[in-house]
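The values are calculated or read from the model by the stated rules, or taken from the named source; none is laboratory data. Values in this document were obtained by computation on a predicted structure and should not be read as measured data. Please note: Cβ atoms are built from the backbone with ideal geometry, for glycine as well, and neighbour counts cover all protein chains shown. Ligands, DNA and RNA are stripped out before the accessible areas are found, and what is left, the full protein with its side chains, is counted by its heavy atoms. Shrake-Rupley method; radii C 1.70, N 1.55, O 1.52, S 1.80 Å.
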Amino acid sequence: MAVGLQTFETLRDASAAVGRDPSARFLGGGTLLVRALNEGTADFSTLVRCTDRILTEVRASGSRVRIGAGVTMEAILASRDLAFLHPAARTVGGPAVRAQATVGGNLFAPPPYGDFTAALLALDARVSVQSGYSPRDMPLDELLRTRDTMGRSIVSGIEVARPRDARSFRFLKVSRVRPKGVSLLTVAARLEDSAGRLSGVRVAYANMGPAPMRAAAVERALEGRRLERPVVEAAAAVAVDGCSPPTDAIASAWYRREVLPVYLSRLLLGGA
Ligand SMILES: Cc1cc2nc3c(=O)[nH]c(=O)nc-3n(C[C@H](O)[C@H](O)[C@H](O)COP(=O)(O)OP(=O)(O)OC[C@H]3O[C@@H](n4cnc5c(N)ncnc54)[C@H](O)[C@@H]3O)c2cc1C
């Protein structure tokens, strides 16, 4: 099947082009879309790319950082402003994949992918979305809940607050093949405290459902409490609430449910 490539200088024009053509897909770094083409499984006949600089910029201002959706994992690893995201970016594929894989593409990558997105979710990221000619902002978890119906929109960037200190943001990707195997499951957590009690807790998973997700029951079990063993045990007891993990070549859904509480506890207790 012949596939056309259209290039636009502005996000508005690229978004309008994706919006008018149901068979068009927005092209990030192409690690998934071009692989689908090579494997003959592409369900699109047009790829739309955009050269707008906004997609590849990283802007840090005070405690907040805006990352263009076209920024690659390799570029994140080269940025000192984004050092807190290095542990997550480093786990995405091998060097060749990281040189192409974008932040925006990771938001739409199906299981077993989406490791970087779990980190962004735990940081309470907001996304800027362009639908046709209209831009809007929304929480990342809202985008992820509706991403299958968002095919006509382009994400232009993601904004996060830097964690207060390195210990308060934790990330764990569990895989059977190291260093670059795909994820069995991924857990990320923001654990900031106020006077010794957890405040504004965020816990997120990848590969425990059809898209990266927040672990709302775990967040509730931790919020306002001290990070001590009985509290961690209470959080682990509700770790799989709301999860519907996949069964794939890496592991069964049953196995993922069994091991998630163990890895969550290790991450929370700091021994991951
Ligand atoms: C060998 C290999 C290993 C991999 N390992 C990992 C891994 O360990 N962890 C992991 O998380 N992923 C992994 N991936 C998956 C993938 O490389 C990453 O998820 C990557 O971040 C996807 O980004 P991309 O720019 O290449 O996406 P593309 O292939 O360009 O696009 C993927 C999807 O996202 C959409 N999209 C892209 N950008 C945007 C945007 N700005 N707005 C709206 N939609 C957009 C596209 O339309 C398409 O539907 C791997 C892939 C391969 C081939």
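Tabulated results
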{"quantity": "Gaussian network model of the chain, springs between alpha carbon atoms under 10 Å - residue of Arg64, Arg256, Arg49 with greatest fluctuation", "calculated": "Arg64"}
{"quantity": "Residue (of Pro230, Leu140, Ala122) at the positive-pole extreme of the chain, dipole from beta-carbon charges", "calculated": "Pro230"}
{"quantity": "Gly181 long-range amide H proximity, modeled H, under 5 Å", "calculated": "none"}
{"quantity": "q = 0.27, 0.32 Å⁻¹, the stretch 4-50: log10 I(q)/I(0) [Debye, one scatterer per Cα]", "calculated": "-0.97, -1.20"}
{"quantity": "Simple Cβ-charge dipole of the stretch 1-122, Lys/Arg +1 and Asp/Glu -1, about Cα centre, in debye nearest 20", "calculated": "300 debye"}
{"quantity": "Extent along principal axes [Cα atoms of the stretch 167-269; Å; largest to smallest]", "calculated": "45, 27, 22"}
{"quantity": "Relative contact order, percent, the chain [alpha-carbon distance under 8 Å, six or more residues apart]", "calculated": "15 percent"}
{"quantity": "Placed amide H near Gly242: partners under 5 Å, 5+ positions off or other chain", "calculated": "none"}
{"quantity": "The stretch 53-161 pair-distance distribution - Cα-Cα, 10 Å bins, rounded %", "calculated": "15, 53, 29, 3"}
{"quantity": "For the stretch 4-50, share of DSSP beta bridges that run antiparallel, in % to the nearest 5", "calculated": "0 percent"}
{"quantity": "Mean accessible surface per residue for the chain, computed with a 1.4 Å probe while every protein chain stays in place, in Å²", "calculated": "47 Å²"}
{"quantity": "Carbon and sulfur %, accessible surface of the chain computed with the full protein complex present, 1.4 Å", "calculated": "51 percent"}
{"quantity": "With Cα atoms, 0 to 90° folded angle of helix 11-20 axis to the chain main axis", "calculated": "80 degrees"}
{"quantity": "Note, ³J(HN,Hα) from phi for the stretch 228-244, Karplus 6.51, -1.76, 1.60, rounded to Hz, x at Gly and Pro", "calculated": "10, 3, x, 5, 5, 5, 5, 5, 5, 5, 10, 4, 8, 4, x, 8, 9"}
{"quantity": "Alpha carbon convex hull of the chain, projected area averaged over orientations, nm²", "calculated": "14.0 nm²"}
{"quantity": "Gaussian network model of the chain, Cα within-10 Å springs - most flexible of Asp81, Asp248, Asp124", "calculated": "Asp248"}
